[in-house]
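**Q** First the structure, which I've put down as structure tokens, then a few questions once you've had a look.
The values are calculated or read from the model by the stated rules, or taken from the named source; none is laboratory data. All values reported here derive from a predicted model rather than from experimental measurement. As a convention, Cβ positions derive from the backbone with ideal geometry for all residues, glycine included, and neighbour counts pool all protein chains shown.
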Amino acid sequence: MLAPSLLFLALFTYWPVVQVLWQSLHGQVRVGGPQAYVGPQNFLKLFADPAFRKALANNLVYALGTVIPSLVLALGFAMALARSSRVNALFRALFFLPVLIPLVAAASIFLFLFLPNVGLLDYHLAKLAISGPNWLGDPDIALWSIMALTIWKNAGYYMLFFLAGLQAVPADAYEAAILDGAGPWQRLRYVTLPYLKPTIGFVLVIGLLNVVTQVDHVFVLTKGGPSDSTNLLLFYVYQQAVENYDAGRAAAGTLVMLALLLVVTASSLRTLERSFGEKEA
Amino acid sequence: MTTTRRNILAGAALAASFALSPAFAQAPTEIELFFPVPVDGQLARDMAALIKEFNEKNPSIKATPVYTGSYDETLIKTRAAMKAGKPPAAVIMSANFLLDLKIEGEIQPMDGLIKADGKTNDQFMGQFFDALHGNAVLDRQVYGVPFHNSTPLLYVNTDHLKEAGLDPDKLPANWEELVATAKKLTKREGDRVTRWGMMMPSNYDYGGWILQALTHSNGGQWFNVDYGGEVYYDTPSMLGALTFWSDLIAKHKVHPAGVQAGGAVSSAFLSGQASMMLLSTGSLTHIRTNAKFPYKVAFVPKNVKNEVPIGGASLVIPTGVEGERRKAAWTLINWMTSPEKSGWWSRATGYFAPNKAAYDTPEMKEFIAKNPDAGIAVSQLSFAKPWFATYKTVPVRKAIEDELAAVLSGKKTPKEALVAAQKGADEIMRPYVEQTALKLPTN
């Protein structure tokens, strides 16, 4: 019974990994020449490349700076809209709307939002006599502009999980808390959050995976620039593979990314299991 | 049973009718043409019209235009198609990628095709402007046929000039005049700039080209025209050019800081939020159609001399395109670069027609009489030099464009930036240099 799924898993997951492993140890020795075994050279070149180190650091900032704010926002939306009513249904739909827009389309919209001088953002800032920064053209700001798009796009998605999670909190837990004289903050801290722990863990995993796998907006908005300030790991790999035509280094970068993903998912899954375990005990 | 038999009979009859019809006997050779759209405007629509006409006039060939994005993306998609074993029969390729493609053995020389037409390489290339030969003839072999070309051009909003009390017939011709004019054109409300005197695009691909224009105007050269392993980033002429750009921002405060995308620059100009800009001649038609104010164009202002780089694209045939498809591609290439067609394309887009004879056609003479800006663009062509082209052109260019971005954002001084860019570029070209210029006899 397992055989067909194993076959597909091997064909589409494990075999490509083996190929990437092979490619990471091979490369062109002669310009325009064939592939040859080069040992760990691709990895050495990778870590010696300032652009790669920059992409690694950017990805870390991007992960922390998007996953946590979207999570907090999503939780806020979900709690505000948990009770079902007509108005809440409308707002849920509104907050969920960005999720339905393809990332490339959303990025194209933000491109016009961020346009210096003539863009929507600067247009409204100008009314307040504020000159907006160069949203996508300033290396100090560009990454944050992209992160704003990501947060806008993801918060509504995570809200869905929290809405579901909140359904699972028993009403009598709140009643008991109120009887004990717990204020809203204490109810959140000691009732809601503990019940939502598995959901938070799940959203964290989803969020961190998205951080590594979504680069469409980088492609549309900045192409990794200015000065690699918005370069992310996957985009770096793309650049090495197709722009620099260096398959070996791209493969090495892919393996580093794969290793990071493994660590993130493994540790998240362990935390998840632990929180589920606590509830059962 | 009966239905199957009937189907078979019907199928056989159909096949027979096909075999007998003349259409089947001469099935057209199907070829694809990869084409980029590097500037604003409706180039994709115009290309569809051009190829439709070609197919109508050449029933033995069926060409399909395939839109492939920017110049950089076109290179990527062509390489992907070649790796997949399905090279397009012809590609409109950014002219400065030809050297890199030749080094990697990805495009074929056209000498054999030219010879079969009874021409020498010199005769064939003689129909195109001299400035274009550097990016098309490599090591005496013809690798590309110039299709549309450009140079950077100064665009000026003449309403703004008049408003500032300046003579709209006297456009800035050198860097000093440019700064003085830009200062008068820049408008402020308190600390806030409401109108910029000058704007230049600095996004990837565009920024390097504009910086090359400034470097040439400053008497410099970007790269070794004869050898693909050397760039001259860390040189006085380049330092002057980059410092000039950085001064427009930090010292004179007439140019916005940070990276400006090409589209953002033309939008700012069209909306009246920038009074002057350097942009490709390829954008002429877009500006002409959309400007709601009078504007003029002029040569790129000089510091040392009037000189600009060529931009634009050439038609190439990838390696692996053989036989009938190769012949069909050659027919298409010759048709597209004929005086009539390259003239038509030039009028539709704003690019130069690389074929000199295009400017002798009555349509073109009439057009230039009506649109003097197009004429000024053409006259700048005589001051043009080849576009930078090296081994791994894109990353070598990106090495300086990343540094350019840092300078324009005030993160680095021009000198620091150029030293870093030179180091980065040398590193990228090292494998090629070691296997060519530094590969010396050992005994």
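**Q** Run B:G312 past the list (1) within 19 Å of the chain's Cα centre (by Cα); (2) at negative phi and report the number of the one that doesn't hold.
**A** Failed condition: (2).
**Q** Hey, among the residues in the range A:24-33 that are buried (at least 17 other Cβ atoms within 10 Å of the Cβ) and out of contact with any strand residue (DSSP E or B) (no Cβ under 8 Å at 6 or more places or on another chain), which one's nearest to the other protein chains (Cβ to nearest Cβ)?
**A** A:V31
**Q** Testing A:E175 on (1) more than 26 Å from the chain's Cα centre (by Cα); (2) more than 14 Å from chain B (Cβ to nearest Cβ); (3) part of a helix (DSSP H, G or I); (4) crowded, with 16+ Cβ neighbours inside 10 Å, one condition comes back false. Which one is that?
**A** Only one criterion in (1) more than 26 Å from the chain's Cα centre (by Cα); (2) more than 14 Å from chain B (Cβ to nearest Cβ); (3) part of a helix (DSSP H, G or I); (4) crowded, with 16+ Cβ neighbours inside 10 Å is unmet by A:E175, namely (4).
**Q** Here are A:D228, A:D216, A:D246: which of them is at positive phi, in contact with a helix residue (DSSP H, G or I) (Cβ under 6 Å, 6 or more places away or on another chain) and not aromatic (F, W, Y)?
**A** Numbers: A:D216 fails: at positive phi; A:D246 fails: at positive phi.
Unique residue meeting the criteria: A:D228.
**Q** Looking only at the range A:234-246, which residues are more than 10 Å from chain B (Cβ to nearest Cβ) and surrounded by fewer than 24 Cβ atoms within 10 Å (Cβ to Cβ)? If you could, list the steps in order and put the result at the bottom.
**A** At the first step, the residues of the range A:234-246 found to be more than 10 Å from chain B (Cβ to nearest Cβ) are A:234-237.
Correct list: A:L234, A:F235, A:V237.
**Q** Spot the failing condition for B:E104; the list is (1) touching a residue at least 12 places away in the same chain (Cβ under 8 Å); (2) touching a Gly at 6+ places or on another chain (Cβ under 9 Å), and only one is missed.
**A** For B:E104, the failing item is (1).
**Q** Another question, if that's okay. If you scan the range A:50-98, which residues turn out to be touching a residue at least 12 places away in the same chain (Cβ under 8 Å) and in a loop (DSSP other than H, G, I, E, B)?
**A** Within the range A:50-98, A:L81, A:A82 meet the criteria.
**Q** Checking B:H286 against (1) within 30 Å of B:S217 (Cβ to Cβ); (2) free of Cβ contacts under 8 Å to residues at least 60 places away in the same chain: exactly one of these is not met. Which one?
**A** (2)
**Q** Hey, which of the helices (runs of 4 or more DSSP H) in the range B:26-131, taking only ones fully inside, have at least 2 residues that are under 19 Å from the mean Cα position of the chain (by Cα) and away from chain A (no Cβ under 14 Å)? Step through it out loud before you land on a result.
**A** Numbers: elements: B:43-57, B:71-83, B:98-103, B:111-116, B:121-125.
Where helices (runs of 4 or more DSSP H) fall fully within the range B:26-131 and carry at least 2 residues being under 19 Å from the mean Cα position of the chain (by Cα) and away from chain A (no Cβ under 14 Å), they are B:43-57.
**Q** Right, next: Restricted to the range A:99-118, and to residues that are outside any loop (DSSP other than H, G, I, E, B) and under 18 Å from the mean Cα position of the chain (by Cα), which residue is nearest to A:S131 (Cα to Cα)?
**A** Going residue by residue through the range A:99-118, those that are outside any loop (DSSP other than H, G, I, E, B) are A:99-100, A:103-114.
This time we only want the ones that are under 18 Å from the mean Cα position of the chain (by Cα), so: A:99-100, A:103-107, A:110.
Working: A:V99: 31, A:L100: 32, A:L103: 28, A:V104: 28, A:A105: 27, A:A106: 24, A:A107: 23, A:F110: 18 Å.
Across the range A:99-118, the extreme among qualifying residues is A:F110.
**Q** Only one of these is more than 21 Å from A:V118 (Cα to Cα) and in contact (Cβ under 8 Å) with a residue 60 or more places away in the chain: B:A180, B:A173. Name it.
**A** Numbers: B:A180 fails: in contact (Cβ under 8 Å) with a residue 60 or more places away in the chain.
Every option except B:A173 fails the conditions.
**Q** Mind checking which pairs have a first residue in the range B:374-391 that is more than 14 Å from chain A (Cβ to nearest Cβ) and over 18 Å from B:S283 (Cβ atoms) and a second that is outside any helix (DSSP H, G or I) and among the aromatic types (F, W, Y), Cβ under 8 Å, 6 or more apart or different chains?
**A** B:F383/B:F299; B:F388/B:W222; B:F388/B:F223; B:A389/B:F223
**Q** Of all residues in the range B:404-426, which are within 11 Å of another protein chain (Cβ to nearest Cβ) and free of Cβ contacts under 8 Å to residues at least 24 places away in the same chain?
**A** Result: B:A406, B:K411, B:K412, B:A420, B:K423.
**Q** How many residues are of a type outside the set (S, T, N, Q) and surrounded by 17 or more Cβ atoms within 10 Å (Cβ to Cβ) if we restrict to the range B:143-183? Give the derivation first.
**A** In the first step, residues of the range B:143-183 are kept if they are of a type outside the set (S, T, N, Q); the result is B:143-148, B:152-156, B:159-173, B:175-180, B:182-183.
After this cut, where a residue has to be surrounded by 17 or more Cβ atoms within 10 Å (Cβ to Cβ) as well, the list is B:143-148, B:152-156, B:160-161, B:166, B:171-172, B:175, B:178-179, B:182.
Going through the range B:143-183 one residue at a time, the tally reaches 20.
**Q** Kindly establish whether B:S237 is more than 26 Å from B:P431 (Cα to Cα), in contact with a strand residue (DSSP E or B) (Cβ under 7 Å, 6 or more places away or on another chain), at pLDDT 95 or above and not aliphatic (A, V, I, L, M). Even if it seems obvious, please write down each step before you answer.
**A** Numbers: more than 26 Å from B:P431 (Cα to Cα): yes; in contact with a strand residue (DSSP E or B) (Cβ under 7 Å, 6 or more places away or on another chain): no; at pLDDT 95 or above: yes; not aliphatic (A, V, I, L, M): yes.
Judged against the criteria, B:S237 is not a match.
Yes/no matrix, rows are residues, columns are (1) under 16 Å from the mean Cα position of the chain (by Cα); (2) among the charged types (D, E, K, R); (3) under 26 Å from A:L73 (Cβ atoms); (4) not in a helix (DSSP H, G or I):
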residue: A:P198; (1), (2), (3), (4): no, no, yes, no
residue: A:G207; (1), (2), (3), (4): yes, no, yes, no
residue: A:H217; (1), (2), (3), (4): yes, no, yes, no
residue: A:S229; (1), (2), (3), (4): no, no, yes, yes
residue: A:Q240; (1), (2), (3), (4): no, no, no, no
residue: A:A252; (1), (2), (3), (4): no, no, no, no
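**Q** Further question on the same structure: Enumerate the helices (runs of 4 or more DSSP H) found wholly within the range B:294-411, keeping only those where 2 or more residues are in contact with a strand residue (DSSP E or B) (Cβ under 7 Å, 6 or more places away or on another chain) and buried (at least 21 other Cβ atoms within 10 Å of the Cβ).
**A** Details: elements: B:323-336, B:339-349, B:362-370, B:372-380, B:393-408.
Passing ranges, in order: B:323-336, B:339-349, B:372-380.
**Q** Just name the residue that is nearest to B:V259 (Cα to Cα) out of those in the range A:212-259 that are in contact (Cβ under 8 Å) with a residue 24 or more places away in the chain and of a type in the set (V, I, T).
**A** A:T222
**Q** Say we look at the range B:412-437 and pick out the residues that are crowded, with 17+ Cβ neighbours inside 10 Å and among the hydrophobic types (A, V, I, L, M, F, W, C); which of these is nearest to A:A247 (Cα to Cα)?
**A** Going through the qualifying residues, I end up with B:I428.
**Q** Right, here's the next one. Identify the residue in the range A:183-200 that is among the hydroxyl-bearing types (S, T, Y) and surrounded by 18 or more Cβ atoms within 10 Å (Cβ to Cβ) and, among all such residues, is nearest to A:V264 (Cα to Cα). Outline the logic, then answer.
**A** Within the range A:183-200, the first condition is being among the hydroxyl-bearing types (S, T, Y), and the residues that meet it are A:190, A:192, A:195, A:199.
Narrowing the set further to residues that are surrounded by 18 or more Cβ atoms within 10 Å (Cβ to Cβ) leaves A:192, A:199.
On the way: A:T192: 25, A:T199: 17 Å.
It comes out as A:T199.
**Q** Can you name the residue in the range A:106-130 that is within 25 Å of B:E403 (Cα to Cα) and at the interface with chain B (Cβ under 8 Å from one of its Cβ atoms) and is also modelled with the lowest pLDDT among such residues?
**A** Of everything passing the filter in the range A:106-130, A:N117 is modelled with the lowest pLDDT.
**Q** When you look at A:G132, is it touching a Pro at 6+ places or on another chain (Cβ under 8 Å) and either crowded, with 20+ Cβ neighbours inside 10 Å or touching a residue at least 40 places away in the same chain (Cβ under 8 Å) (or both), yes or no?
**A** Working: touching a Pro at 6+ places or on another chain (Cβ under 8 Å): yes; either crowded, with 20+ Cβ neighbours inside 10 Å or touching a residue at least 40 places away in the same chain (Cβ under 8 Å) (or both): no.
No; evaluated as a whole, the condition is false for this residue.
**Q** Determine whether B:P59 is surrounded by 15 or more Cβ atoms within 10 Å (Cβ to Cβ) and modelled with pLDDT of 90 or more.
**A** Values: surrounded by 15 or more Cβ atoms within 10 Å (Cβ to Cβ): no; modelled with pLDDT of 90 or more: yes.
For B:P59, the condition - surrounded by 15 or more Cβ atoms within 10 Å (Cβ to Cβ) and modelled with pLDDT of 90 or more - is not met.
**Q** Kindly indicate whether B:V394 is more than 30 Å from B:E340 (Cβ to Cβ) and in contact (Cβ under 8 Å) with a residue 12 or more places away in the chain.
**A** On the way: more than 30 Å from B:E340 (Cβ to Cβ): yes; in contact (Cβ under 8 Å) with a residue 12 or more places away in the chain: yes.
Answer is yes for this residue.
**Q** Among the candidates A:A74, A:A36, A:A63, single out the residue that is exposed (fewer than 13 other Cβ atoms within 10 Å of the Cβ) and either within 14 Å of chain B (Cβ to nearest Cβ) or under 17 Å from the mean Cα position of the chain (by Cα) (or both). Show your work before the answer.
**A** Working: A:A74 fails: exposed (fewer than 13 other Cβ atoms within 10 Å of the Cβ); A:A63 fails: exposed (fewer than 13 other Cβ atoms within 10 Å of the Cβ).
The conditions single out A:A36.
**Q** Are any residues in the range A:131-150 of a type in the set (A, V, I, L, M, F, W, C) and within 11 Å of chain B (Cβ to nearest Cβ), and if so, which ones?
**A** Taking the range A:131-150 as the starting set, the residues that turn out to be of a type in the set (A, V, I, L, M, F, W, C) are A:135-136, A:141-144, A:146-149.
Passing the criteria: A:W135, A:L136, A:I141, A:A142.
**Q** Before we move on, is A:V191 at pLDDT below 90 and β-branched (V, I, T)? Working first, answer last.
**A** Details: at pLDDT below 90: yes; β-branched (V, I, T): yes.
When the stated conditions are applied, A:V191 passes them.
**Q** Just one of (1) farther than 21 Å from A:L46 by Cα; (2) away from every other protein chain (no Cβ under 14 Å); (3) surrounded by fewer than 21 Cβ atoms within 10 Å (Cβ to Cβ) trips up A:V203, so point out which.
**A** (3) is the only condition that A:V203 fails.
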